[in-house]
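Notes follow the structure.
Coordinate-derived values only; no laboratory data. The structure displayed is predicted, hence computed values, not measured ones. Glycine gets a Cβ as well: all are built from the backbone with ideal geometry, and neighbour counts include every protein chain shown.
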Amino acid sequence: MATTTAYDIPFNRPSLTGRELEYMADVIRSGHAAGDGSYTRRCHQLLQGLLGVPRALLTTSCTHALEIAALLLDLEPGDEVIVPSFTFVSTANAFVLHGARPVFIDVRPDTLNLDEAQLEARISTRTRAVVVVHYGGVGCEMDPILEVVRRHGVAVIEDNAHGLLGRYRGKYLGTFGCLAAQSFHETKNFSCGEGGALLINDTRYAERAEVIREKGTNRSRFFRGEVDKYSWIDVGSSYLPSDILAAFLYAQLDARDRIQASRERIWHTYLAGLQEWAHQHGVRLPVVPSHCDQPCHLFYLLMPSLEERQALIAHLKARKILSVFHYLPLHLSLMGRRFGGKEADCPVTEWVSDRLLRLPFYNDLTESDQARVIEAIHDF
């Protein structure tokens with residue numbers, strides 16, 4: 001991806017929304033800047049209360065939350081995990097890293113989410129989990145997905161990197177699978193630069209997740225006074241973010257109503273400003289089913305061809321506006337082919353990957369800058 005320095009309007013820009021600097025300074029003054037400090041606990045409590053999940057644990061990234069999920073499943077070589085081909089590499093790599101073989105599935109042409117109609121045919125006796133990705137924070141069709149996996153005794157893991165506060169049929173995304181991963185990367189609605197969270201909906205995983213996150217030790221139980229010393233009891237790694245990052249994140253989550261109001265304005269301004277143009281030029285805008293409430297994470301255009309997509313990126317670049325494409329098909333990647341991806345039938349993923357263009361979208365994108373983006377697109 002190109003750097004943002006040459007652009008008047010970048011694709012993304014982190015911003016201060018509330019009391020981020022105040023809370024970070026509070027951490028420094030407290031004398032405890034490492035993981036699992038007071039702001040980490042506040043984030044855990046906020047997420048648990050807001051989403052109604054039994055347990056939430058901050059992690060250093062969404063990738064690491066997915067890795068903990070993989071460890072909790074006790075994957076063995078030969079086990080299979082079904083993942084959409086149209087997603088970020090972490091969705092597959094977190095499970096490959098722990099011995100699983102990814103089985104790639106295509107996405108729906110409307111929401112760009114995993115195509116639930118193809119799911120049952122992808123399940124085998126080796127399938128251990130299905131990883132659903134709520135693209136753009138628009139919920140996958142969870143009712144039929146859960147019906148299929150229950151028949152086969154397969155776990156569902158939600159990669160909800162885009163979808164915090166999104167809902168499917170009134171229920172929060174991240175609360176359907178036994179485990180879910182959130183992202184607080186700088187491109188997300190709520191950020192601490194780099195960060196994530198594991199949401200634990202099946203309490204059977206709660207205690208072991210805590211151990212894995214703490215380098216395989218029962219250190220957390222020790223600090224709660226439940227054991228008189230802690231030691232190495234399981235596999236694990238260092239998945240705790242600094243409490244300085246947690247403080248930044250807590251300030252953002254605390255200002256969630258203001259952040260979401262801003263993002264809703266940006267999303268709907270793009271929709272209103274580009275709807276007629278898109279219709280005239282054969283361009284498709286995001287599809288949000290009526291039973292899904294999306295958190296306004298991103299706004300994209302599906303151009304008629306790869307050539308037109310690249311031409312629009314260049315056109316915007318000439319006006320110092322940075323727009324970007326998104327995922328390349330995992331099944332066609334070098335690693336994907338090693339796992340048999342060449343034989344995967346994912347035509348929608350390939351079609352979308354060539355045509356999708358994401359527009360600048362960040363919390364403090366001004367109305368005048370957004371108007372420049374829309375005007376530049378109309379001039380294309």
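Numbers at a glance
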{"item": "Shape call, region 13-70: gyration tensor on alpha carbons, a/c limit 1.5", "result": "prolate"}
{"item": "Inter-site label distance for His279 and Arg13 at 7 Å from Cα along Cβ, in nm", "result": "3.3"}
{"item": "Where labels lie 7 Å past Cα in the beta-carbon direction, separation of Asp110 and Arg126 in nm", "result": "3.4"}
{"item": "Positive-end residue, region 256-378 charge dipole about Cα centroid, Cβ charges, pick of Ser333, Pro295, Ile259", "result": "Ser333"}
{"item": "Partner aspartates and glutamates for Lys320 [C-alpha distance under 19 Å; skip if fewer than 8 residues away on the same chain]", "result": "Asp8, Glu308, Asp364, Glu367, Asp369, Glu375, Asp379"}
{"item": "Relative contact order (percent, whole number), region 163-215, Cα cutoff 8 Å, 6+ residue spacing", "result": "26"}
{"item": "Net charge contributed by nearby residues that have their C-beta within less than 14 Å of Phe325 (K/R +1, D/E -1)", "result": "0"}
{"item": "Computed over region 256-378, Kirkwood Rh from alpha-carbon pairs, angstrom", "result": "15.9"}
{"item": "Cut-off 13 Å between beta-carbons: net charge of the residues surrounding Glu80, Lys and Arg +1, Asp and Glu -1", "result": "+2"}
{"item": "Cut-off 13 Å between beta-carbons: net charge of the residues surrounding Ala161, Lys and Arg +1, Asp and Glu -1", "result": "-3"}
{"item": "Cα-centre dipole for region 256-378 with unit charges at Cβ (Lys and Arg positive, Asp and Glu negative), debye to 20", "result": "360"}
{"item": "Whichever lysines have a C-alpha closer than 19 Å to that of Lys229, once near sequence neighbours (fewer than 8 apart) are set aside", "result": "Lys215"}
{"item": "Helix-only CD estimate at 222 nm, as mean residue ellipticity for the chain, using -39500 (n - 2.57) per DSSP H run (n ≥ 4)", "result": "-11500 deg cm²/dmol"}
{"item": "Antiparallel %, DSSP beta bridges [both residues in the chain], to 5", "result": "55"}
{"item": "Net dipole in debye of the chain [+1 Lys, Arg Cβ; -1 Asp, Glu Cβ; about Cα centre; nearest 20]", "result": "460"}
{"item": "Shape of region 311-378, Cα gyration tensor, a/c cut at 1.5", "result": "prolate"}
{"item": "Gain upon complete extension [Ala25, Arg319; 0.36 nm per residue less C-alpha separation]", "result": "101.9 nm"}
{"item": "The chain: relative contact order in percent, alpha carbon pairs under 8 Å with at least 6 residues between", "result": "23"}
{"item": "Neighbour-count order for Ser305, Ser191, fewest beta carbons within 10 angstrom listed first", "result": "Ser305, Ser191"}
{"item": "Residue exposure sequence - Trp267, Trp277 - by fewest surrounding Cβ within 10 Å", "result": "Trp277, Trp267"}
{"item": "Farthest toward positive dipole pole in the chain [+1 Lys/Arg, -1 Asp/Glu at C-beta], among Gly37, Pro144, Phe223", "result": "Phe223"}
{"item": "Read-out volume of the Cα convex hull per residue in Å³, derived from the coordinates shown; its label in [x] 148; [y] 138; [z] 186", "result": "[y]"}
{"item": "Length released on extending from Leu146 to Ser290, taking residue separation times 0.36 nm less the Cα-Cα span", "result": "49.9 nm"}
{"item": "Region 87-212: mean projected area of Cα convex hull, nm²", "result": "8.2"}
{"item": "Inter-label distance, nm, simple model (7 Å from Cα along the C-beta direction), Lys342/Gln310", "result": "2.4"}
